[in-house]
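Here's the structure, in structure tokens; my notes come after.
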Amino acid sequence: IAGITQAPTSQILAAGRRMTLRCTQDMRHNAMYWYRQDLGLGLRLIHYSNTAGTTGKGEVPDGYSVSRANTDDFPLTLASAVPSQTSVYFCASSSMPNTEAFFGQGTRLTVV
Amino acid sequence: GQQVMQIPQYQHVQEGEDFTTYCNSSTTLSNIQWYKQRPGGHPVFLIQLVKSGEVKKQKRLTFQFGEAKKNSSLHITATQTTDVGTYFCAGMGWHTGNQFYFGTGTSLTVIP
């Protein structure tokens, strides 16, 4: 059982480039989330999806977009990366929006 | 700004000492969750509190939700080296769009 899988594990990206972080879960969870983790700031919610076909903005959505075409996948796209988007990105899922969240292993992204 | 605040940011304790981290919100929360993240790892769910004044225990860990549902605490009795990590609270309420917003976390170091 894989649970929740993120790819890539790490990436160095030139500023201005487009990048998609992938997230797949095999638990048939309805809700999925993207967080970024920065030292001293904890985890901040970027975007979420309560169910397939719907998405919503979290605390820090600017510069990011998401889609939820099916239950399993929730990709996060940076249209034009900037250095301030250097962070560790975690994808998570939960059976319902107000239940226990399961996190992926994270993607370490460096924008130079 | 950060919706959910946590203190302290860092805590060093001698093995066997107790540890407490506090989580505070300026507005009423409907639910609060607690997670633990080991160094280099991903957040792992510990517990969820829903009721005003609720207290839950997991072995040496005691979780409490305040009467006004604006604050919460995690207390660890007689810390062990396996308790090392960062502890996050995550609060949900109308002001967070009914999504969980994480606190800034408390990093616990246990000195053997």
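The values are calculated or read from the model by the stated rules, or taken from the named source; none is laboratory data. A quick note: this is a predicted structure, and the numbers were derived from the prediction, not measured. Here the Cβ positions follow ideal geometry from the backbone for every residue, glycine too, while neighbour counts run over all protein chains shown. Ligands, DNA and RNA are excluded from the accessible area calculation, which covers all protein heavy atoms including side chains. Shrake-Rupley method; radii C 1.70, N 1.55, O 1.52, S 1.80 Å.
Looking at residue A:54 and the list (1) within 13 Å of chain B (Cβ to nearest Cβ); (2) under 25 Å from residue B:34 (Cβ atoms), which single condition is not satisfied?
(2)
Name the single residue that is least open to solvent (accessible area, probe 1.4 Å) among those in the range A:4-46 being in contact with a Gly (Cβ under 8 Å, 6 or more places away or on another chain) and either on the phi > 0 side of the Ramachandran plot or of a type in the set (D, E, K, R) (or both).
Filtering first and then ranking leaves A:42.
Please indicate, with yes or no, whether at least one residue in the range A:70-87 is touching a helix residue (DSSP H, G or I) at 6+ places or on another chain (Cβ under 8 Å) and open to solvent by less than 40 Å² (accessible area, probe 1.4 Å). Show your work before the answer.
So in the range A:70-87, the residues touching a helix residue (DSSP H, G or I) at 6+ places or on another chain (Cβ under 8 Å) come out as A:78.
Remaining after also requiring open to solvent by less than 40 Å² (accessible area, probe 1.4 Å): A:78.
Scanning the range A:70-87, I find at least one residue that is touching a helix residue (DSSP H, G or I) at 6+ places or on another chain (Cβ under 8 Å) and open to solvent by less than 40 Å² (accessible area, probe 1.4 Å), so the answer is yes.
Do you know which of the residues in the range B:85-112 that are open to solvent by less than 40 Å² (accessible area, probe 1.4 Å) and of a type in the set (A, V, I, L, M, F, W, C) is nearest to the other protein chains (Cβ to nearest Cβ)? Before the answer, list the steps.
Here is the first cut: in the range B:85-112, the residues open to solvent by less than 40 Å² (accessible area, probe 1.4 Å) are B:85-93, B:95-96, B:99-108, B:110.
Filter once more, keeping what is of a type in the set (A, V, I, L, M, F, W, C): B:88-90, B:92, B:100, B:102, B:108, B:110.
Values: B:88: 6, B:89: 9, B:90: 8, B:92: 6, B:100: 7, B:102: 4, B:108: 14, B:110: 20 Å.
Looking at the filtered set, the residue picked out is B:102.
Of all residues in the range A:88-98, which are more than 14 Å from residue B:88 (Cβ to Cβ) and either open to solvent by less than 40 Å² (accessible area, probe 1.4 Å) or more than 9 Å from chain B (Cβ to nearest Cβ) (or both)? Before you say what the answer is, go through the steps one by one.
Narrowing the range A:88-98 to residues more than 14 Å from residue B:88 (Cβ to Cβ): A:89, A:91, A:93-98.
If the condition is that a residue be more than 14 Å from residue B:88 (Cβ to Cβ) and either open to solvent by less than 40 Å² (accessible area, probe 1.4 Å) or more than 9 Å from chain B (Cβ to nearest Cβ) (or both), then A:89, A:91, A:93, A:94, A:95, A:96, A:97 are the ones that fit.
(1) under 12 Å from the mean Cα position of the chain (by Cα); (2) within 14 Å of chain B (Cβ to nearest Cβ); (3) within 27 Å of residue B:48 (Cα to Cα): which one isn't true of residue A:73, the others all being true?
(2)
Could you please find all residues in the range B:1-48 being hydroxyl-bearing (Ser, Thr, Tyr) and open to solvent by 20 Å² or more (accessible area, probe 1.4 Å)?
Looking only at the range B:1-48, we keep the residues that are hydroxyl-bearing (Ser, Thr, Tyr), and these are B:10, B:20-22, B:25-28, B:30, B:35.
Selection gives B:10, B:20, B:22, B:26, B:27, B:28, B:30.
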